[in-house]
Amino acid sequence: MIKIDISMPKKYEIIIEKGAFNNIVKEIKEVYKGFRLAVITDENLYGLYGEQLRFSLLKESYDLKVIVIKPGESSKSFETLINIYSQLSGFLRRNDLIAAFGGGVVGDLAGFAASTYMRGVKLIQIPTTLLSQIDSSVGGKTAINLPEAKNLVGSFYHPERVIIDPLLLKSLPDKYIIDGLGEAIKYACIKDENLFNELMASKYNINENIEELIYACLNIKKEIVEKDEKDYGLRMLLNFGHTIGHAIEQYFNYAVSHGEAVCIGMYHITKNSQRVGFTKTNTVERLTALLENYNIKYNLPLSTAEIIKFIHSDKKNNSDFINLVLLKEIGNAYIQKVPLDNLYNFINVEQERL
Ligand SMILES: NC(=O)c1ccc[n+]([C@@H]2O[C@H](COP(=O)([O-])OP(=O)(O)OC[C@H]3O[C@@H](n4cnc5c(N)ncnc54)[C@H](O)[C@@H]3O)[C@@H](O)[C@H]2O)c1
């Protein structure tokens, strides 16, 4: 078992252990002494693990409600949220617990429900995708989407514990493993050239030592979010590739996944920042070599004008500038303030590869 202590200032532990899901009751009991709990999950996970989860919790006489949502980004919506509140009402009380069992969609949605229902009930995150195990379950960001933009309504709300079982990834379709690897590449690009080189050398294997990769990524996330809980500075580095990435998700109406979109975003922003001289020569070539190493697509046909339109609607303030995360070189990211009328230079998504 690997443990990571998070202090934001709320303190909680992340547990990384193959087979932790089989001991889920023990893990829950260490941080929650109550007997009533609501599990929020999606249909795919419920089909795969619902019976085992129910059996483990009911055996311990928990008063249990399992709320099952439709899989996919479209569930991060007000409609689903209201449905969750209705199912919670009359069942869950102030001191009770919500367990989020799923990927980033379930984690963000259940986290927001936990932070708002009765002004906040306890929360445990049990992430089941690689992306949620290395990123979204830690750091306290919760959200739902509005038709206008992604993650426009949300909160910062920390769990009592994050329980990560890498064995759950065995049932995750390859497409989503690739998504998570895209986020791992993001961490390597912004903070850790060693991790970049290890990924290039294919050091990590999903069947063998994936917990080492999860640990490496979460340590970077810990280092960043502990210094900037509310995302006013350093934490923005975690958005490398996301300005273009979020716009791409909307452009394709979420038919392109978050991880794929972030990879395409990392490629274009680096290609452009290298062209204008803000990024060391050969950086985008190294990035594309690593993406190709994992068969990650990074160059879909796109319209720059359309992407810029989505970026404007996604912008969460009205200033004439936008903060872009750029690489000085691999392992070293920084925030560059760019005037909106110069955005095209950094967002051009139509050029061929360098
Ligand atoms: N809060 C944050 O800090 C943060 C950070 C990054 C991303 N996000 C959010 O995360 C979301 C994307 O999350 P995601 O990539 O985990 O996608 P997801 O939650 O949509 O899961 C992807 C698919 O995999 C299925 N699945 C999940 N675990 C499985 C398993 N173990 N076995 C089989 N199938 C499984 C799900 O049912 C779903 O169909 C986006 O909404 C994004 O905005 C949040």
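Between residue 25 and residue 175, take the C-beta separation as r, use R0 = 25 Å, and let me know the FRET efficiency to the nearest 0.05.
0.20
May I ask you to derive the relative contact order of the chain, considering only C-alpha pairs under 8 Å and at least 6 residues apart, and to give it as an integer percent? Walk me through the intermediate numbers first.
On the way: 641 pairs, mean separation 53.0, N = 354.
The value is 15 percent.
Loop sites only, by DSSP: take the GluC sites (Glu not before Pro) in the chain that have at most 10 other C-beta atoms within 10 Å and name the longest stretch containing none of them. Longest site-free region, per DSSP loop and neighbour criteria: 1-147.
When only Cα pairs under 8 Å and 6 or more residues apart are kept, what is the percent relative contact order across the range 242-313? Walk me through the intermediate numbers first.
Values: 71 pairs, mean separation 27.2, N = 72.
Averaging sequence separation for qualifying contacts and normalising by length gives 38 percent for the range 242-313.
With no solvent and one equal point scatterer per Cα, compute the Debye intensity ratio I(q)/I(0) for the range 135-265 at 0.17, 0.18 Å⁻¹ and report its log10, rounded to two decimals. For the range 135-265 at q = 0.17, 0.18 Å⁻¹, log10 I(q)/I(0) is -1.05, -1.18. Computed over the alpha carbons of the chain, Rg followed by Dmax gives 19.9, 63 Å. Hydrodynamic estimate: the Kirkwood radius of the range 174-347 over Cα pairs, inserted into Stokes-Einstein at 25 °C and 0.890 mPa s, corresponds to D of 150 µm²/s.
Measuring between their Cα centroids, the range 256-290 and the range 16-42 lie 39 Å from each other. Annotation for the range 33-138: trypsin sites (Lys or Arg not before Pro) lying in DSSP loop with at most 16 further Cβ atoms inside 10 Å of their Cβ are 33, 93, 94. Amide H contacts of residue 63: 36, 37, each under 5 Å away and 5 or more positions distant or on a separate chain (H built 1.01 Å from N in the peptide plane; Pro and chain starts excluded).
With an 8 Å cut-off on Cα pairs and a minimum separation of 6 or more residues, tell me the relative contact order of the range 2-171 in percent. The partial results should precede the final answer.
Working: 319 pairs, mean separation 45.1, N = 170.
Computed value for the range 2-171: 27 percent relative contact order.
Suppose only helical runs count, i.e. DSSP H with n ≥ 4. What mean residue ellipticity at 222 nm does that imply for the chain under -39500 (n - 2.57) per run, divided by all residues and rounded to the nearest 500 deg cm²/dmol? Mind dumping the intermediate values first?
Numbers: 12 runs with 146 residues, N = 354.
Using -39500 (n - 2.57) per qualifying helix, the result is -13000 deg cm²/dmol.
Backbone amide hydrogens, once placed in the peptide plane, bring residue 69 within less than 5 Å of 41, 42, 43, excluding anything fewer than 5 places away on its chain. With 20 Å as the limit on Cα-Cα distance, the pairs of 175/230; 230/328; 33/122; 11/33; 33/227; 191/309 that go past it are 175/230; 230/328; 33/227; 191/309. In this structure, the residue pairs whose Cα-Cα separation is over 25 Å, taken from 18/297; 150/203; 76/271; 26/170; 65/150, are 18/297; 150/203; 76/271; 65/150. Restricting attention to the chain, close to 45% of DSSP beta bridges with both partner residues there are antiparallel.
Looking at the range 2-171, send over the antiparallel percent of its DSSP beta bridges, to the nearest 5.
Values: 10 of 34 bridges.
Rounded to the nearest five, the antiparallel share is 30 percent.
When Rg is the radius of gyration of the Cα atoms in the range 2-171 and Rh is its Kirkwood radius, what does Rg/Rh come to?
Values: Rg = 14.5 Å, Rh = 15.7 Å.
With Rg and the Kirkwood Rh in hand, the quotient comes to 0.92.
Can you pull the semi-axes for the range 250-354, root of five times each eigenvalue of the Cα gyration tensor, sorted largest first, whole Å? Let's see the in-between values first.
Numbers: eigenvalues 88, 67, 28 Å².
Result for the range 250-354: semi-axes of 21, 18, 12 Å.
FYI, it's all coordinate maths here, none of it is from the lab. Keep in mind the model is a prediction, meaning the values are calculated, not measured. As a convention, Cβ positions derive from the backbone with ideal geometry for all residues, glycine included, and neighbour counts pool all protein chains shown.
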